[in-house]
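The values are calculated or read from the model by the stated rules, or taken from the named source; none is laboratory data. Owing to the predicted nature of the structure, the values given are computational and were not obtained by experimental measurement. For neighbour counting, all protein chains shown are included, and Cβ atoms are generated from backbone atoms with ideal geometry for every residue, glycine included.
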Amino acid sequence: MPGQRELLAVREIVHAFLFADRPEEAFQFALDRVAPVVGAAFASVYRVDGASELMRLVAAHNWPERLRPWLADVRIRVGFGPSGEAASERRPIEVPDVFADADLEDWQEVARELGFRAIVSLPLQVTGAAVGAVTFYFRDWADFTPERRGLLRLVADLMAGAAEKAMLLERVRRAEAAATDATADLDRQLQAARDARRSRAGFVDLAAAAMRDAIAATGAHGPAAEHALGLLGDLELLVAAETGGLTASWSSVDPRVPLREAMRTVAAANPGAHPVAEEPIHPMPAVRADAELLARVLAKLVERALPLAPAGAVHATVTVVAGRVEYRVPGEPGDDLGWRFALAVGRGIGAKLSRDEGQASPTVVLAIPVGGDRAERQDSGA
């Protein structure tokens, strides 16, 4: 049975393994604490060096300073010598007499000089694989009792646990470093995207200003000039919406008003078009929105529908469904500039656009949550 001294040593070693920053520190503490308890004259810990078959010294107890450089340079091949065999065979290796073992001839001179005779080496095993060995050197085999054998095995197991903890922490550090690198790379990509969007927005602003100046300089006016200026305004809004720079003026809006305004805008810009707004006669709940931007989005959807409507008679409806106002306009999602405008600017004012799968003919739905006060009936026509 282990005595008070042995139990105290184990408790201190466990504490050291729990709180040591590096496994080598815990190994050194364990050797310095347990070697005197078991009567070992010297002790060493060897760790497998990376993916190689060589082990290097990571901790040493009581070796003379003049031999420390030699020990640091020594590489023990797995499978050779007591330490190498312990790691290779994953079992304790006991050598009662170094001088009686021809395979340890290289160690006999050191053993004679330092005065040790017996060697006990134990593997450091992690999940079935040996990652090193701890070796104790005794002046006499009689110093190595069965009780001390059990204590050394316990210490070897604790050292293996410290090695495994270090390996896991290293994996965590590598994973964190990789995650940090990935995050930094993502941040760089996002910043590059933001810079690109800002650059594009700046270019559009400059181009729009230049075109406005050109139109003003030529003195052009009438429907063509107004159409060109309108397109410039749409382009600026689209870029602002896609780059996160859209500015909205929020207010409580009667949802019928933006639809009527959209119809007027489309009719004025498209001679021969006859857009029709279909709306309920009863009061409708208000929406929280930018009335002007909502009208422009609806106008863009109606303009997209003109080629589909006989004689330009586009019918658009506004209804209330399950806590949201829904506008329905003929057409379907696409990759054209008009759809991009409606989608981006609509999203910027809290609206959601989708295809109405319940309609026989292609229909686009613009939905916006109900919010604000109830809108009273307005008698002005569309």
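Checking the structure you have, find out if any residue of region 166-179 is out of contact with any Pro (no Cβ under 8 Å at 6 or more places or on another chain), assigned by TED's automatic domain parsing to the domain that holds Arg33, at pLDDT below 90 and not in a helix (DSSP H, G or I). Within region 166-179, not a single residue is out of contact with any Pro (no Cβ under 8 Å at 6 or more places or on another chain), assigned by TED's automatic domain parsing to the domain that holds Arg33, at pLDDT below 90 and not in a helix (DSSP H, G or I).
Go through Val345, Val364, Val325, Val329 for me and flag whichever is at pLDDT 85 or above and either within 15 Å of Val287 (Cβ to Cβ) or outside the structural domain of Val257 (by TED's automatic domain parsing) (or both). Please lay out each step first, then the result.
Numbers: Val345 fails: either within 15 Å of Val287 (Cβ to Cβ) or outside the structural domain of Val257 (by TED's automatic domain parsing) (or both); Val364 fails: either within 15 Å of Val287 (Cβ to Cβ) or outside the structural domain of Val257 (by TED's automatic domain parsing) (or both); Val329 fails: either within 15 Å of Val287 (Cβ to Cβ) or outside the structural domain of Val257 (by TED's automatic domain parsing) (or both).
From the options Val345, Val364, Val325, Val329, the qualifying one is Val325.
If you take the residues in region 311-365 that are more than 38 Å from the chain's Cα centre (by Cα) and hydroxyl-bearing (Ser, Thr, Tyr), which one is surrounded by the fewest Cβ atoms within 10 Å (Cβ to Cβ)? The selected residue is Ser361.
Considering only residues that are charged (D, E, K, R), assigned to a helix (DSSP H, G or I) and touching an Asp or Glu at 6+ places or on another chain (Cβ under 8 Å), which ones fall in region 57-81? Give the derivation first.
Applying the first criterion (charged (D, E, K, R)) to region 57-81 yields 65-66, 68, 73, 75, 77.
Still in the running and assigned to a helix (DSSP H, G or I): 65-66, 68, 73.
None; the set is empty.
Considered as a group, the residues in region 349-361 that are modelled with pLDDT of 80 or more and of a type in the set (S, T, N, Q) include one that is farthest from Ala286 (Cα to Cα), and that residue is Ser361.
Here is a list of conditions, (1) within 35 Å of the chain's Cα centre (by Cα); (2) loosely packed, with under 12 Cβ neighbours inside 10 Å; (3) modelled with pLDDT of 80 or more, and Glu113 meets all of them except one; can you say which number that is? Failing condition for Glu113: (1).
Would region 139-147 turn up any residue that is modelled with pLDDT of 85 or more and outside any helix (DSSP H, G or I)?
From region 139-147, those modelled with pLDDT of 85 or more are 139-141; that's our starting set.
If we keep only those that are outside any helix (DSSP H, G or I) as well, we get 139-140.
Checked against the condition, which is being modelled with pLDDT of 85 or more and outside any helix (DSSP H, G or I), region 139-147 yields at least one hit.
The set of residues in region 123-142 that are under 14 Å from Ala40 (Cα atoms) and touching a helix residue (DSSP H, G or I) at 6+ places or on another chain (Cβ under 8 Å) comprises Val134, Thr135, Phe136, Tyr137.
Of all residues in region 131-160, which are of a type in the set (Gly, Ala, Ser) and surrounded by fewer than 20 Cβ atoms within 10 Å (Cβ to Cβ)? Spell out how you get there, then give the answer.
The initial filter retains those residues of region 131-160 that are of a type in the set (Gly, Ala, Ser), namely 132-133, 142, 150, 156, 160.
Ala142, Gly150 - these are the residues of region 131-160 that are of a type in the set (Gly, Ala, Ser) and surrounded by fewer than 20 Cβ atoms within 10 Å (Cβ to Cβ).
Report yes if Ala277 is assigned by TED's automatic domain parsing to the domain that holds Ala344, assigned to a helix (DSSP H, G or I) and more than 15 Å from Gly346 (Cβ to Cβ), otherwise no. No. Looking at region 368-378, can you tell me whether even one residue there is loosely packed, with under 14 Cβ neighbours inside 10 Å, more than 36 Å from the chain's Cα centre (by Cα) and either assigned to a strand (DSSP E or B) or modelled with pLDDT of 90 or more (or both)? Looking for residues that are loosely packed, with under 14 Cβ neighbours inside 10 Å, more than 36 Å from the chain's Cα centre (by Cα) and either assigned to a strand (DSSP E or B) or modelled with pLDDT of 90 or more (or both), one finds at least one in region 368-378, hence yes.
Can you confirm whether region 82-104 contains a residue that is in contact (Cβ under 8 Å) with a residue 60 or more places away in the chain and either assigned to a strand (DSSP E or B) or among the aromatic types (Phe, Trp, Tyr) (or both)? For region 82-104, residues in contact (Cβ under 8 Å) with a residue 60 or more places away in the chain and either assigned to a strand (DSSP E or B) or among the aromatic types (Phe, Trp, Tyr) (or both): absent.
The residue that is nearest to Phe27 (Cα to Cα), counting only those in region 63-80 that are surrounded by 13 or more Cβ atoms within 10 Å (Cβ to Cβ) and touching a helix residue (DSSP H, G or I) at 6+ places or on another chain (Cβ under 7 Å), is Trp63.
Condition first: more than 23 Å from Ala142 (Cα to Cα) and among the polar types (S, T, N, Q). Can you find one or more residues in region 60-83 that meet it? Walk me through how you get there before you give the answer.
Keep residues of region 60-83 that are more than 23 Å from Ala142 (Cα to Cα), which gives 64-80.
Those still in the list that are among the polar types (S, T, N, Q) too: none.
Within region 60-83, not a single residue is more than 23 Å from Ala142 (Cα to Cα) and among the polar types (S, T, N, Q).
Within region 308-355, the only residue that satisfies the criterion of being in a helix (DSSP H, G or I), at positive phi and touching a helix residue (DSSP H, G or I) at 6+ places or on another chain (Cβ under 7 Å) is Gly312. Annotation note: Cβ proximity below 7 Å between a residue of region 23-48 that is assigned by TED's automatic domain parsing to the domain that holds Gly115 and on the phi < 0 side of the Ramachandran plot and a residue that is assigned to a helix (DSSP H, G or I) and aromatic (Phe, Trp, Tyr) (sequence gap 6+ or interchain) occurs for Ala26/Phe17; Val45/Phe27. Scanning region 236-259 for residues that are surrounded by 15 or more Cβ atoms within 10 Å (Cβ to Cβ) and of a type in the set (Ser, Thr, Tyr), we see that the one that is farthest from the chain's Cα centre (by Cα) is Ser252.
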